[in-house]
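Here the structure comes first, spelled out in structure tokens, and everything after it is commentary.
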Amino acid sequence: MALRGSLAETEPEDLLQVLALGGRTGILTVLDRGHATKLVLKDGQIIDAYDGARRGEEAVFALLASRSGTFAFSVEDVPAEQTITRTVPAILLTAAQRMDDLVRARPLLDRPSALLCRAEGSLDGVRHDDDGLAAHLLALVDGRRSVGEVVAASDLEVSQAYGALADLVERGILTVVTAEEEGSPLSREGGGPDAGPSAEPVPPRQSARAPGADELREVAEYLRRAVRCPAGGSG
Amino acid sequence: MACAKLLLIVTSKDLRRRLLATWHDFVIRQPGASRPGAPGVDPGEAPVAFSRLTVRPGLDLALFIVDGGWRREYVCRALAAEVEGYCLLLGDAPADLSLAHGLLQLLGDTTPGLVAGTAPGSDEAIRSVLALPPDVVIPVVDCDDRESVTELVCTLLERVAVLQAV
């Protein structure tokens with residue numbers, strides 16, 4: 001039996017659960033503003049998914065984050081190629097965790113330019129069960145990087161990084177300093193309370209500011225020179 | 001201290017892989033960026049790669065290279081809020097152009113930026129699909145070539161500088 005509808009009326013989680021519980025085999029196609037996502041199901045399990053830019057579980061996660069578009073499920077024989085092995089409930093659980101991470105991190109997502117700083121004695125608050133993730137992120141917090149830069153430098157999945165940072169902020173291990181707080185002690189030169197006991201020496205902090213037109217041109221000139229005569233090269 | 005921050009958005013994994021390899025080759029030559037674990041050295045499979053290099057004391061360049069991952073649009077919008085400019089690098093596959101349409105709507109009015117092609121001769125197809133005016137120049141970049149990628153970054157920097165000066 002074919003299924004059609006709108007994701008505005010049927011949530012994608014519900015749709016996937018219906019298809020999984022029914023043990024369906026076929027292809028689910030979701031169209032949203034000209035962008036197509038396809039999920040291949042066999043006996044109720046998602047075995048493949050792709051949307052042009054992503055393949056595998058990431059394409060499913062992108063679909064689950066969507067709340068717009070139309071869907072159509074067609075019963076048909078499906079290719080044997082399998083890129084997804086986890087069950088539908090396991091995938092839905094991961095998606096829910098990611099969503100929770102992002103919701104929790106909303107205050108950080110709304111101000112990615114804000115600086116992250118360590119609170120005094122910050123490492124005392126790190127629990128043993130999350131030492132690895134917290135320590136990895138704390139090592140990137142030097143009082144000069146913004147929220148967005150720490151997330152980018154962490155090499156972690158974005159929602160996981162934002163969620164973990166939000167957790168550290170909630171626990172008082174990290175503080176967030178916005179541009180409006182320029183006059184606070186955290187934004188003064190000469191370091192601050194962000195350097196934890198095991199931190200590498202942090203250079204004197206200066207407030208990062210947006211460069212002027214001349215400085216932007218200076219960066220461009222530097223890059224052109226550098227690419228012609230790279231350091232360590234013959235020039 | 002001033003830091004010029006730029007965002008490069010790619011619409012496919014292949015483009016990202018090529019761009020990272022090219023830029024990585026450039027960045028690791030910069031002093032201070034060669035220690036293991038330094039940003040820009042090992043971007044791996046992260047959805048967002050980050051590199052930072054010092055032009056001179058007091059002036060840095062930070063570059064975010066964003067790939068299509070989960071909730072890519074939200075991440076792009078969040079990062080766009082803190083950069084001086086963005087560049088959208090497109091392949092010539094229909095999926096690239098389709099994604100670009102949504103991303104441009106998201107970014108276009110908030111941050112200065114430009115669209116670039118990565119396949120020779122793809123500029124007119126991009127102009128047509130994205131309905132860009134004839135006077136908009138669409139650079140075509142060779143993602144495997146360091147000079148080509150650097151020139152794109154420089155073009156973006158100069159465009160932002162012009163807009164700032166107006």
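Data overview
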| quantity | calculated |
| --- | --- |
| Amide H within-cut-off set for A:Ile46, under 5 Å, with H built and near neighbours excluded | A:Val88 |
| Amide H contacts of B:Val140 (H built 1.01 Å from N, under 5 Å, at least 5 apart or other chain) | B:Gly117 |
| Backbone HN-Hα couplings from phi across the stretch B:2-14 [Karplus 6.51/-1.76/1.60, Hz, Gly and Pro as x] | 10, 9, 7, 10, 10, 10, 10, 10, 10, 10, 8, 5, 5 |
| Burial ranking of peptide ranges A:60-70, A:82-92 (average Cβ count within 10 Å, highest at the top) | A:60-70, A:82-92 |
| Within straight-line cross-link reach of B:Lys5, lysines at Cα separation under 22 Å, skipping those fewer than 8 residues along the same chain | none |
| ³J(HN,Hα) computed for each position of the stretch A:30-42 - Karplus, 6.51 cos²θ - 1.76 cosθ + 1.60, integer Hz, glycine/proline x | 10, 10, 9, 6, x, 9, 9, 10, 10, 10, 9, 10, 9 |
| Counted charge near A:Lys38, where neighbours are those whose Cβ lies closer than 13 Å (Asp, Glu -1; Lys, Arg +1) | -3 |
| Cα-based Rg of the stretch A:35-109 normalised by 2.2 N^0.38 Å, two decimals | 1.20 |
| The stretch A:3-98, dipole about Cα centre (Lys/Arg Cβ +1, Asp/Glu Cβ -1), debye to the nearest 20 | 140 |
| Average partner coverage of A:138-146, which counts Cβ from other chains inside 10 Å | 2 |
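Here, each number is a calculation from the coordinates, and none is a lab measurement. Predicted, not measured: the structure shown is a model, and the values here were computed from it. Glycine also receives a Cβ, built like all others from the backbone with ideal geometry; neighbour counts cover every protein chain displayed.
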